[in-house]
Amino acid sequence: MDVQQVIKEQVTSHPVALYMKGTPQFPQCGFSATAVQILKACGITDFLSVNVLENPEIREGIKTFANWPTIPQLYVRGEFIGGCDIMREMYADGELQKLLAEI
């Protein structure tokens, strides 16, 4: 299976997937830490987290998959939502809470 197929399988088989630097317990960058905090603030504690620092193919492949150059990247029900800034804006507007309320 190539990296794009692996990523597609990951995002479609988990309701919430976060590609990040580090882990939810030990984020390795401030943006990833913020993304995890936002998900927790929305009541999401059980989600797939993929540490892109452990797999260079995933790290580069995820950028191609969503055509989005930065990490973290959030997927909900297989759909790309955005990175940290978009998550922050959606959370401030209440949109992210609505989106994740059905999970």
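FYI, it's all coordinate maths here, none of it is from the lab. Just so it is clear, the model here is predicted, and its values are computed rather than measured. Cβ placement follows ideal geometry from the backbone for every residue including glycine, while neighbour counts extend to all protein chains displayed.
Local charge for E89 was computed over the other residues whose Cβ lies under 14 Å away, with Lys and Arg +1 and Asp and Glu -1, and equals -1.
Packing, as the average of other Cβ atoms within 10 Å across residues, places the peptides 83-93, 28-38 in the order 28-38, 83-93, highest first. With both residues required to sit in the chain, DSSP beta bridges show an antiparallel share near 65%. Evaluated over the stretch 3-101, the count of Lys pairs having alpha-carbon atoms less than 18 Å apart is 4 (only pairs 8 or more residues apart or interchain). By the beta-carbon count within 10 Å of each Cβ, the least crowded to most crowded order of I62, I7, I44, fewest first, is I44, I7, I62.
Largest GNM mean-square fluctuation across L18, L74, L53, computed for the chain with C-alpha springs under 10 Å, falls on L53.
Please give the Cα centre distance for the stretch 75-103 versus the stretch 1-73, rounded to the nearest Å. Using only Cα atoms, the two centres lie 14 Å from each other.
Answer with one residue from P24, G82, W68: the one whose Cα lies farthest towards the positive end of the charge dipole of the chain, charges on Cβ with Lys, Arg +1 and Asp, Glu -1. Positive-end residue among those listed: P24.
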